[in-house]
Amino acid sequence: KKLIVFFNIYDYPDSHRKFHKSKTSLFGGTIILLNIIFFCALNFLFDSSLVKQMNLIQFFIGSLLFYLLGLLDDRYDLNSNLKFFFGVVISLLVILIDQNILIDKLVFSSFDLIINVGVFSHIFSIICIIIFVNALNMFDGINLQSGTYCFIVISSLYFFSEQTNLLSVINISLLFFLYLNYNSKVFLGDSGTHLLGFVIAYLVINS
């Protein structure tokens, strides 16, 4: 409660698009971010083997930047074009410093088909990240909806990704968020949807 008051960012009902009964904290994304920060700190301070074949610093930078972009939107209701521009810039920055999420080919195993993206790999990768982040942001709007979807997607990655420790930390934090969201204590906010959108996009590409 003290952190919610400290951040002081709320969503207010307007009887048009927002039908909740009273102002509600947009603290959900911060819950996820704090757990990611805690995980990264543990990895760097005690055991660097918590993640496998993954650039945790670059992952954290991208997560933090997308969170901050969403947080600014929660606070100041940014122009959509401006938000899109900064989303593209952040995506490009992360791809440039982490080639592991650069999509350079598409493999359709059912048809034995491989499409090389070639010189368009950076543009294509940025489009994939931005579209998913914005789609998740638009999907949000009903209690438990986005949080449950993200929990299911993160859970499914256990079958494809080696990052089981990171996946567990994110899912545990999502469970706490879902409990609070069910009781209408907090919403994800744009900070949460932007953060989770990037996290899922990164982990899916990396996997």
Pull out the extension gain between ILE152 and LEU102, defined as 0.36 nm times the separation in residues minus the alpha carbon to alpha carbon distance; nm, one decimal.
15.6 nm
Filter the DSSP H helices in the chain by two things, a Kyte-Doolittle mean of at least 0.0 and an axial alpha-carbon span of 18 angstrom or more, and list the hits by number.
28-45, 56-76, 80-97, 121-139, 164-182, 189-206
Round to a whole number: what % of the accessible area of segment 77-138 belongs to carbon and sulfur, probe 1.4 Å?
69 percent
List residues of segment 33-70, by number, whose backbone nitrogen lies under 15 Å from a label position 7 Å along Cα→C-beta of LEU93.
57-70
Going by average Cβ neighbours within 10 Å, how do the peptides 35-46, 181-192, 159-170 rank, with the highest at the top?
181-192, 159-170, 35-46
How long is the gain from ASN183 to ILE114 if the chain were fully straight, where each residue apart is worth 0.36 nm and the alpha carbon distance is subtracted?
20.1 nm
One finds, for PHE46 and SER80 with R0 = 30 angstrom and r their Cβ-Cβ distance, a FRET efficiency to the nearest 0.05 of 0.10
What percent do you get for the relative contact order of segment 1-143 when only Cα pairs under 8 Å and 6+ apart count?
15 percent
Given charges at beta-carbon only (K, R positive; D, E negative), |dipole| of segment 35-161 in Debye:
80 debye
Beyond a 22 Å Cα-Cα separation, which of these cross-linked pairs lie in this structure: LYS2/LYS185; LYS2/LYS23; LYS1/LYS83?
LYS1/LYS83
With a 1.4 Å probe and all protein chains in place, put ASP112, ASP104 in order of accessible area, largest first.
ASP112, ASP104
Convex hull of the chain built on C-alpha atoms - directionally averaged projected area, nm²:
12.7 nm²
So who's got an amide H within less than 5 Å of the one on VAL186, skipping anything under 5 residues away but keeping other chains? H placed 1.01 Å off N, in plane.
ASN181
Label-point separation in nm, ILE37 to LYS2, each point 7 Å along Cα→Cβ:
1.5 nm
Per residue accessible area of the chain, 1.4 Å probe, in Å²
57 Å²
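The values are calculated or read from the model by the stated rules, or taken from the named source; none is laboratory data. Keep in mind that what you see is a predicted model, and the values were worked out from it rather than measured. When we count neighbours, we look across all protein chains shown, and the Cβ atoms used for this are built from the backbone with ideal geometry, even at glycine. Each accessible area value is taken on the protein alone, full model and side chains, heavy atoms only, with ligands, DNA and RNA left out. Shrake-Rupley method; radii C 1.70, N 1.55, O 1.52, S 1.80 Å.
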